[in-house]
Amino acid sequence: MSIDLPLVVGGLLVGFVVGLTGMGGGALMTPMLIFVFRVDPLTAVSSDIVASLFMKPAGAIVHLRRRTVNLQLVLWLCLGSVPAAFSGALLIRALPFGDSLDEALKMVLGIALLVASAGLVVRAVLGMLQRRTALGEGPARPTNADVVVKKVPTLVLGMVAGLLVGMTSVGSGSIIIVVLLLLYPALKASQLVGTDLVQAVPLVAAASLGHLLYGNFSFGITTSLLIGAIPGAWFGAHVSSRAPGGLIRRALAILLLASGLKLLGASIPVVVGAALAALVLGNLLWIVVRERIKKLPPKPVTISAPEPATEDSADRS
C-alpha cells in the first residue's frame, strides 16, 4: 500500500475544518474525493465515513477535556442517530430510486445550510445590538455547556442526521449544527462545535459498520486521508475550544455558505468565489457594524436592591 501525498494534504485541510467548526467532513471530503481525485461516488462515501470514524475523536477528546460538551445533548442525539445511521447505509442500497433521492436530500440540506449561514450572521449582529457591545462572546472558557434539553426534538434530530449520514455521508455536522442553533440558541459557538464532534463519534461508528459490511470502502484512500486528517482535527479543535466565539461563527458561516452552494450543484470556482467574497465583504461589513455599535450608549446596568432585613437575620446579627 502506497501513501498518496495529495490525499494526505487534503485530509489535513478537511480535518482542520472539522476540528474548528464541527462540520465539513462529508460536505467537503466526499466532493473532494469525487471531483478532485476522481474517486467513484460509492467508494468516496464509504471511505469518507470510515475516515471520519478515526478523525472525529481527535477533535472530540480536546473538547471533552475543555468541558465544552453537553453530554446530555450527546446522549439524546445518539439515541436517535446511531440506529438510523446503520439503517441508512442499508436503505440506500435497497431503494430503487437511490440517485434521485440522494439529489433531493442534498438539495434540501443545501438550502438549510444557506439559511443557517444567514442565521448565524443575523444572530451575531442582534446579540451585539442587544448587549450594545462590539465584542463577541470572548474567548471560550472551560465551563459546562448547560442547557435545558428538549428530548423529543433532539431525538428526532438525531434520527434525521443519522439517516443522512448513512445514505450520503453528508449531514453529521451540517444538519446537527443547523438545528442545534435553532433549538439551543444559548449554546456558545465552542459548545456547539464540541457537542457536535462528540455526538458524531458513535453516529459515524454505526454508519461505518454499515459501509464496511455493504459499501465499497478503500483501505488505501482512507489511510492516506487519516494521516493528514487526525492531526488536522486535533489542531482545529484546540483552536475552536479556545478561540473567541465570533471567530468560530465567521468560519461556520463561510463554511455553511460554501457547503450549501456545493450541495445545490454550484461549480467549484463559484463556491470558492462566493466564499472569498463572503470573507472580504463580510469582514468589511463587520467593521462598519462594530463601529456603529461602539457609538451607541452603553447598556444600563440594573443593580438589584438589597433584600430587607428579616427578624431572623436581625436575631442572627
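The values are calculated or read from the model by the stated rules, or taken from the named source; none is laboratory data. Keep in mind the model is a prediction, meaning the values are calculated, not measured. Virtual Cβ from ideal backbone geometry, glycine too; neighbours counted across all protein chains shown.
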Quick check on Ala200: is it crowded, with 24+ Cβ neighbours inside 10 Å, farther than 17 Å from Val148 by Cα, modelled with pLDDT of 75 or more and in contact with a helix residue (DSSP H, G or I) (Cβ under 9 Å, 6 or more places away or on another chain)? yes
Any idea which of Ser87, Ser52 is farther than 18 Å from Leu20 by Cα, of a type in the set (S, T, N, Q) and part of a helix (DSSP H, G or I)? Ser87
Determine which single condition Gly210 fails, assuming it passes every other condition in (1) assigned to a helix (DSSP H, G or I); (2) within 23 Å of Leu13 (Cβ to Cβ); (3) at pLDDT below 85. (2)
Failed item in (1) buried (at least 24 other Cβ atoms within 10 Å of the Cβ); (2) under 17 Å from the mean Cα position of the chain (by Cα), with Val45 passing the rest: (2)
Kindly indicate whether any position in the stretch 15-26 is over 19 Å from Val178 (Cα atoms) and surrounded by 17 or more Cβ atoms within 10 Å (Cβ to Cβ). yes
Of the numbered conditions (1) modelled with pLDDT of 65 or more; (2) loosely packed, with under 13 Cβ neighbours inside 10 Å, Trp76 satisfies every one except a single condition; which is it? (2)
Of the residues that sit in the stretch 215-267 and are among the polar types (S, T, N, Q) and under 19 Å from the mean Cα position of the chain (by Cα), which one is nearest to Phe35 (Cα to Cα)? Ser259
